[in-house]
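K.L.:
Can you keep this structure in mind? I'll have questions shortly.
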Amino acid sequence: MSFAFAAIALAMGAAPPPPPPPPPVPPPDPAALAEAVLIWRDHPPHPRTLELSAEFSIRERVVYMLTAAGVRRGGRQWFAKYRVLQDFLSSRISPHLQENERPFVECLARRYAYMSIGDLRTLRAFLSTPAGSSFWRMSSVYDQDEFDCARSVFRDDIEAVEAEAWRLIGARPPPPAPSVD
């Protein structure tokens, strides 16, 4: 029976080409982004959010580097090299945290910047009420965004010193992934 289906499919010709990829998402309107940033001005993340997000990004990159270098997780070398990389990257990133505060907040706000300015103002008005403020704190609507934005904001800072970090652990970076284009 399956042979018959295969013969029919072959007789009908090749499979249709896959659909084209979706167009890239255009950047948000600058005025809407500025309005969305005001939400974070009114309801800023916890004061240590940027610092904790930087630490998360550094830990994530350290684990990636050690895994890519073939260091066995949990072994003696893992802990020694983990500490070396963690301290090295932290010493290069931490002094510049405040420089990344605005891009970090803009990244958090970008998700909301696709709303209309009127809707953003309505949202800000709601969040300024006790119920809205409580909702904002309790819902943690931006928790995952913090991790994603930390990756985005700190990526350039980490990559700028990554070659030196590879030398510190006596390893070479893996070859770049092949292009899909």
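K.L.:
Could you tell me whether any residue of region 148-164 is surrounded by 13 or more Cβ atoms within 10 Å (Cβ to Cβ), outside any helix (DSSP H, G or I) and not charged (D, E, K, R)?
P.N.:
no
K.L.:
Please find, within region 100-123, the residue that is farthest from residue 49 (Cα to Cα) out of those that are in a helix (DSSP H, G or I) and either charged (D, E, K, R) or touching a Lys or Arg at 6+ places or on another chain (Cβ under 7 Å) (or both). Working first, answer last.
P.N.:
Step one: of region 100-123, the residues in a helix (DSSP H, G or I) are 100-110, 117-123.
Keeping just the survivors that are either charged (D, E, K, R) or touching a Lys or Arg at 6+ places or on another chain (Cβ under 7 Å) (or both) gives 101-102, 106, 110, 119, 121.
Details: 101: 10, 102: 13, 106: 14, 110: 17, 119: 26, 121: 25 Å.
Looking at residues that are in a helix (DSSP H, G or I) and either charged (D, E, K, R) or touching a Lys or Arg at 6+ places or on another chain (Cβ under 7 Å) (or both), I get 119.
K.L.:
State the number of residues belonging to region 37-56 that are more than 19 Å from the chain's Cα centre (by Cα) and either assigned to a helix (DSSP H, G or I) or among the charged types (D, E, K, R) (or both).
P.N.:
Residues in region 37-56 being more than 19 Å from the chain's Cα centre (by Cα) and either assigned to a helix (DSSP H, G or I) or among the charged types (D, E, K, R) (or both): 4 in total.
K.L.:
To continue, here is another question. Would you mention how many residues in region 39-72 are charged (D, E, K, R), surrounded by fewer than 17 Cβ atoms within 10 Å (Cβ to Cβ) and over 30 Å from residue 124 (Cα atoms)?
P.N.:
The initial filter retains those residues of region 39-72 that are charged (D, E, K, R), namely 41-42, 48, 51, 55, 59-61, 72.
Add one more test, that the residue is surrounded by fewer than 17 Cβ atoms within 10 Å (Cβ to Cβ), and what stays is 41-42, 48, 51, 59-60, 72.
Next cut, over 30 Å from residue 124 (Cα atoms) only: 59-60, 72.
Counting residues in region 39-72 that are charged (D, E, K, R), surrounded by fewer than 17 Cβ atoms within 10 Å (Cβ to Cβ) and over 30 Å from residue 124 (Cα atoms) gives 3.
K.L.:
I'm told residue 175 meets every condition in (1) buried (at least 16 other Cβ atoms within 10 Å of the Cβ); (2) at pLDDT below 85; (3) not hydroxyl-bearing (Ser, Thr, Tyr) except one. Can you identify the failing condition by its number?
P.N.:
(1)
Quick grid of which residues meet (1) closer than 30 Å to residue 167 by Cβ; (2) at pLDDT 90 or above; (3) acidic (Asp, Glu); (4) in contact with a Pro (Cβ under 6 Å, 6 or more places away or on another chain):
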{"site": "34", "(1), (2), (3), (4)": "no, yes, no, no"}
{"site": "47", "(1), (2), (3), (4)": "no, no, no, no"}
{"site": "50", "(1), (2), (3), (4)": "yes, no, no, no"}
{"site": "57", "(1), (2), (3), (4)": "yes, no, no, no"}
{"site": "66", "(1), (2), (3), (4)": "yes, yes, no, no"}
{"site": "124", "(1), (2), (3), (4)": "no, yes, no, no"}
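The values are calculated or read from the model by the stated rules, or taken from the named source; none is laboratory data. This is a predicted model, so every value here is computed, not measured. Reconstructed Cβ throughout: ideal geometry from the backbone, glycine too, with neighbour counts over all protein chains shown.
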